[in-house]
Amino acid sequence: MGVMTLIPSCSFSCNYHQYHHQIIPSHTLIAQSSIENELSRTKGAVGSRANSSCVDKETEKFCGVLKRRSVLLSGFSLISSAAVMGYPNESLGVVKQGLLAGRVPGLSEPNEEGWRTYQRPDEKSGGHGVGWSPIIPYSFSVPQEWDEVPVSIADLGGTEIDLRFANPKQGRLFVIVAPVLRFADNLGEDAKIEQIGPPEKVINAFGPEVIGENVEGKVVSMSVTEHSGRKYYQFELEPPHVLITATAAGNRLYLFNITGNGLQWKRHYKDLKKIANSFRVV
């Protein structure tokens, strides 16, 4: 995407002998060759009016003024460019979004029900540690009004948040992909969720990473489902309102989390539950 830089107009006066030359640069950044050409012309003009020693002395002063002005104007141009590109204030978030790594589209076209399927692209960046194998892709379905939200390396949720989606009226979701070696060192390279432990152990161990507090007394329901030979633990917590789907694949644990406020939960629970049930590791 091209960036148009607004160049502020500027002028300055240089006192050269008794003459006052108005200099208005056509470009904010003055090239060294332009300075030398200007000096050459100035020397010729002054030479007919003053002796050589005066010319050399005054020309050196003139060169210094030009160079100092060039540096100042160059800096002003860069500041102006940064402002146009959106760095100041709240616009910084827009710039960050465009620069984030791993922003590869993975959404399908809406189906007849208006739902789209997201599958993590193979090209999407993110490895969560040197030496880790590529992340095994996962997929889920969302209503077409849901959109991907940028994940920053400075995200408060940590570097293990791989993806975020949200709809301001319905709720939000995020996917945590964590190395299983954080929890056990004997699970091999093709871990299963049941090897990590039963549902009670998993939610007590990893629930706090999702809601930021102990889950004791907050688990409304838990169940186990199986798809294509892989088991998935599903939990509903309240409060806060959260649906969690957990599984393991390769050398990673996957936590698929959906949350919303009370009003969103009341109005869109059926769709939020459908999103939670759609999560699969491919």
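The values are calculated or read from the model by the stated rules, or taken from the named source; none is laboratory data. Remember, predicted model here, so these are calculated numbers, not experimental data. Glycine also receives a Cβ, built like all others from the backbone with ideal geometry; neighbour counts cover every protein chain displayed. Please note that ligands, DNA and RNA were not included when accessible areas were found on the heavy atoms of the full protein model with its side chains. Shrake-Rupley method; radii C 1.70, N 1.55, O 1.52, S 1.80 Å.
Starting from residues that are over 15 Å from Glu148 (Cα atoms) and modelled with pLDDT of 95 or more, keep the ones in region 111-124 and report whichever is surrounded by the fewest Cβ atoms within 10 Å (Cβ to Cβ). Steps first, please.
Narrowing region 111-124 to residues over 15 Å from Glu148 (Cα atoms): 111-114, 122-123.
Filter again for modelled with pLDDT of 95 or more, leaving 111-114.
Details: Asn111: 11, Glu112: 5, Glu113: 9, Gly114: 9.
Per the stated criteria, the residue is Glu112.
Taking the conditions exactly as written (modelled with pLDDT of 95 or more and either open to solvent by 40 Å² or more (accessible area, probe 1.4 Å) or part of a loop (DSSP other than H, G, I, E, B) (or both)), does Arg103 satisfy them or not?
Values: modelled with pLDDT of 95 or more: no; either open to solvent by 40 Å² or more (accessible area, probe 1.4 Å) or part of a loop (DSSP other than H, G, I, E, B) (or both): yes.
So Arg103 fails the test.
Kindly provide the set of residues from region 261-282 that are open to solvent by less than 10 Å² (accessible area, probe 1.4 Å) and either touching a helix residue (DSSP H, G or I) at 6+ places or on another chain (Cβ under 9 Å) or within 15 Å of Lys218 (Cα to Cα) (or both), ordered by number.
Residues of region 261-282 open to solvent by less than 10 Å² (accessible area, probe 1.4 Å): 272, 275-276, 279.
Answer for region 261-282, where residues must be open to solvent by less than 10 Å² (accessible area, probe 1.4 Å) and either touching a helix residue (DSSP H, G or I) at 6+ places or on another chain (Cβ under 9 Å) or within 15 Å of Lys218 (Cα to Cα) (or both): just Leu272.
So Gly171 fits all but one of (1) surrounded by 12 or more Cβ atoms within 10 Å (Cβ to Cβ); (2) modelled with pLDDT of 95 or more; (3) small (Gly, Ala, Ser); (4) out of contact with any strand residue (DSSP E or B) (no Cβ under 8 Å at 6 or more places or on another chain); what number is the exception?
Result: Gly171 fails condition (4) only.
Filter region 241-260 down to residues that are at pLDDT below 95 and not in a strand (DSSP E or B) and give me whichever is surrounded by the fewest Cβ atoms within 10 Å (Cβ to Cβ).
By that ranking, first place goes to Asn251.
Answer yes if at least one residue in region 182-191 is in contact with a Lys or Arg (Cβ under 9 Å, 6 or more places away or on another chain), at pLDDT below 95 and either outside any helix (DSSP H, G or I) or surrounded by 19 or more Cβ atoms within 10 Å (Cβ to Cβ) (or both), and no otherwise. Full working, then the answer.
Quick first cut of region 182-191, residues in contact with a Lys or Arg (Cβ under 9 Å, 6 or more places away or on another chain) only: 191.
Subsequent filtering for residues that are at pLDDT below 95 retains 191.
Okay, now just the ones that are also either outside any helix (DSSP H, G or I) or surrounded by 19 or more Cβ atoms within 10 Å (Cβ to Cβ) (or both), so 191.
Within region 182-191, one or more residues are in contact with a Lys or Arg (Cβ under 9 Å, 6 or more places away or on another chain), at pLDDT below 95 and either outside any helix (DSSP H, G or I) or surrounded by 19 or more Cβ atoms within 10 Å (Cβ to Cβ) (or both).
So, in region 192-228, exactly how many residues are under 18 Å from Val281 (Cα atoms), open to solvent by 80 Å² or more (accessible area, probe 1.4 Å) and of a type in the set (D, E, K, R)?
So the answer is 2.
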